[in-house]
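**Q** Sharing a structure, written as structure tokens. Questions coming.
The values are calculated or read from the model by the stated rules, or taken from the named source; none is laboratory data. Please read these numbers as outputs of a predicted model, since none were measured by experiment. Glycine gets a Cβ as well: all are built from the backbone with ideal geometry, and neighbour counts include every protein chain shown. Ligands, DNA and RNA are stripped out before the accessible areas are found, and what is left, the full protein with its side chains, is counted by its heavy atoms. Shrake-Rupley method; radii C 1.70, N 1.55, O 1.52, S 1.80 Å.
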Amino acid sequence: MNGVSGRMGYRQHLVRSILAIREQGGVLLADGVTGVQVEPILVGRSEAKLAELAAKHGIEHYTTNLDEALADDRWQVYADFLVTKARAQAIRKAIAAGKAIYTEKPTAESFEEALELARLAIEAGIKNGVVHDKLYLPGLQKLKRLIDSGFFGRILSVRGEFGYWVFEGDWQPAQRPSWNYRAEDGGGIIVDMFPHWNYVLENLFGRVESVYARAVTEIPERVDERGHPYPATADDAAYAIFELEGGVIAQLNSSWTTRVNRDELVEFQVDGTLGSAVVGLFGCRIQPRNATPKPVWNPDLADAHDYAADWIESPGNAEFENGFKTQWEEFIRHVVEDAPNPYDLLAGARGVLLAEEGLRSSAEGRRIALPLVTLATDAASATDAAATVAASATDAAAAAPTETPELSGAR
């Protein structure tokens, strides 16, 4: 586990996932009898921090030498929670060492590099997975159940609001690390959130076929952890429209410069011909067609109707565990008994592509069509394989003043 001293690596992956799995006795396999236990080795730059974490949680193994850990046959899975700039190099080493890969996203700094990692893993026969944690949230699992049941009829649109106010760091410390606001260090809300939006949209509603985005840096100067002012060079808010296969339109706002006036920090409204839902991290409220009120627009009179009361809370009807832990268990089953795993490095590359093209859309002020991304069947390298574009993206490009990017190694 490389990068466990960071907030996400420590809280979600080490404590709430791997250590929780270890404490419960491991992962139960498909036969319902066999269990597989996990044992972590902590990897990082600071031996003192690693020793402190190991002592706190009863972990025997830690090291500051990644190469030695990768050379040790005891460790079968390489898990990466590093900052994005350091990730690709470490994953390449792990692939060369024959380790299974499980990584946070974005998987690389560029689409070309992310696609190369996917190609290298496939060529080496390496099992690999990328964190898709939002899909395991109780709210989105309830939403998936509604979609599968046909509750919405034909889905028309998705609207999403994500974000909160991140303090500038002067009179109150910022609640996010300063590198998030420096483009040169891999920061920016598009790089951070568009890989999430890609897998949420494609797994619930359909593949993203085009993006129109506007990225802005609304707070131009912030104060870092040492109290030093610095110029914010990365975007801290992004407003985007995504066109999905099947004609669904998604509008998603992502912002670290907004104050929350909603039930949860992220909220999606899905509208369909037969019903609508408003979904957050945990909650899921629905309004079916036959229980929809009939508003009448009249700006001359105050509207006393309580529209919030027209929504029904959708029951869980299931027990939802921590989403990171659930996906870890699924990945361990994938490694041990080849259970299905759709959330691989190629899926991660699609998320990097959406972020890359979202930034290009903002810079060029236009809509960008996205290709269907697969690896060339002959495993040609990402630098010399010809790129072709899926018919859906080609049609979209023909219908609007949009250029389709040429993407090495994509089909």
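**Q** Please identify the pairs in which a residue from segment 167-181 that is open to solvent by less than 80 Å² (accessible area, probe 1.4 Å) has its Cβ atom under 7 Å from the Cβ atom of a residue that is assigned to a loop (DSSP other than H, G, I, E, B) and acidic (Asp, Glu), counting only partners at least 6 apart or on another chain.
**A** 169/224; 174/168; 178/224; 178/225; 181/236
**Q** Just name the residue that is farthest from residue 334 (Cα to Cα) out of those in segment 1-45 that are of a type in the set (Ser, Thr, Tyr) and modelled with pLDDT of 95 or more.
**A** Looking at the filtered set, the residue picked out is 10.
**Q** What residue, of 93, 49, is touching a residue at least 40 places away in the same chain (Cβ under 8 Å) and of a type in the set (D, E, K, R)?
**A** 49
**Q** If a residue must be closer than 15 Å to residue 276 by Cα and touching a Lys or Arg at 6+ places or on another chain (Cβ under 9 Å), how many such residues does segment 292-321 contain?
**A** 5
**Q** So, one more: Tell me whether segment 22-29 contains one or more residues that are among the charged types (D, E, K, R), out of contact with any helix residue (DSSP H, G or I) (no Cβ under 9 Å at 6 or more places or on another chain) and surrounded by 14 or more Cβ atoms within 10 Å (Cβ to Cβ).
**A** Pass one, segment 22-29, residues among the charged types (D, E, K, R): 22-23.
Still in the list and also out of contact with any helix residue (DSSP H, G or I) (no Cβ under 9 Å at 6 or more places or on another chain): 22-23.
Okay, now just the ones that are also surrounded by 14 or more Cβ atoms within 10 Å (Cβ to Cβ), so 22.
Yes: one or more hits.
**Q** Inspect segment 294-304 for any residue being assigned to a loop (DSSP other than H, G, I, E, B), farther than 30 Å from residue 8 by Cβ and among the polar types (S, T, N, Q) and give the result as yes or no.
**A** Yes, some residue in segment 294-304 is assigned to a loop (DSSP other than H, G, I, E, B), farther than 30 Å from residue 8 by Cβ and among the polar types (S, T, N, Q).
**Q** Taking residue 402, is it open to solvent by less than 50 Å² (accessible area, probe 1.4 Å) and modelled with pLDDT of 50 or more?
**A** Against the criterion (open to solvent by less than 50 Å² (accessible area, probe 1.4 Å) and modelled with pLDDT of 50 or more), residue 402 does not qualify.
**Q** Which residues, taken from segment 360-375, are of a type outside the set (A, V, I, L, M, F, W, C) and more than 27 Å from residue 120 (Cβ to Cβ)?
**A** Initially, segment 360-375 is screened for residues of a type outside the set (A, V, I, L, M, F, W, C), giving 360-362, 364-367, 371, 374.
Within segment 360-375, 361, 362, 364, 365, 366, 367 qualify.
**Q** Using the structure shown, decide if residue 260 is open to solvent by 50 Å² or more (accessible area, probe 1.4 Å) and aliphatic (A, V, I, L, M). Give the derivation first.
**A** Details: open to solvent by 50 Å² or more (accessible area, probe 1.4 Å): yes; aliphatic (A, V, I, L, M): yes.
Taking the combined requirement at face value, the residue satisfies it.
**Q** Provide a single number: the residues in segment 45-75 that are over 15 Å from residue 93 (Cβ atoms) and within 26 Å of the chain's Cα centre (by Cα).
**A** Adding up the residues that qualify gives 1.
**Q** Something else: From (1) closer than 23 Å to residue 185 by Cβ; (2) assigned to a helix (DSSP H, G or I); (3) out of contact with any Leu (no Cβ under 9 Å at 6 or more places or on another chain); (4) open to solvent by less than 20 Å² (accessible area, probe 1.4 Å), pick out the condition that doesn't hold for residue 79.
**A** Failed condition: (2).
**Q** Further question: Yes or no: residue 101 without any contact (Cβ under 8 Å) to a residue 40 or more places away in the chain, of a type outside the set (Lys, Arg) and under 30 Å from residue 359 (Cα atoms)?
**A** Here the answer is no, as residue 101 does not meet what is asked.
Listed here are the residues, each with its yes/no results for (1) within 14 Å of residue 130 (Cβ to Cβ); (2) at pLDDT 95 or above.
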site	(1), (2)
328	yes, yes
338	no, yes
347	yes, yes
353	yes, yes
361	no, yes
365	no, yes
374	no, no
379	no, no
383	no, no
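**Q** Is there any pair with a first residue in segment 277-298 that is open to solvent by 70 Å² or more (accessible area, probe 1.4 Å) and a second that is among the small types (Gly, Ala, Ser) and modelled with pLDDT of 95 or more whose Cβ atoms are under 7 Å apart and which are 6 or more apart or on different chains, and what are they?
**A** Taking only residues 6 or more apart or on different chains, the pairs are 282/139; 289/275.
**Q** Sticking with this one: Looking at segment 53-79, I want the residues that are under 22 Å from residue 7 (Cβ atoms) and have a partner that is hydroxyl-bearing (Ser, Thr, Tyr) and open to solvent by 30 Å² or more (accessible area, probe 1.4 Å) with Cβ atoms under 9 Å, at least 6 apart or on another chain. Which pairs are those?
**A** 53/5; 53/10; 53/62; 54/62; 64/46
**Q** Among the residues of segment 182-194 satisfying the criterion of being surrounded by fewer than 21 Cβ atoms within 10 Å (Cβ to Cβ) and either without any contact (Cβ under 8 Å) to a residue 40 or more places away in the chain or not hydrophobic (A, V, I, L, M, F, W, C) (or both), which is farthest from residue 108 (Cα to Cα)? Reasoning before the result, please.
**A** Step one: list which residues in segment 182-194 are surrounded by fewer than 21 Cβ atoms within 10 Å (Cβ to Cβ), which gives 182-186.
From what's left, either without any contact (Cβ under 8 Å) to a residue 40 or more places away in the chain or not hydrophobic (A, V, I, L, M, F, W, C) (or both): 182, 184-186.
Values: 182: 16, 184: 14, 185: 13, 186: 10 Å.
Only one residue tops the list, namely 182.
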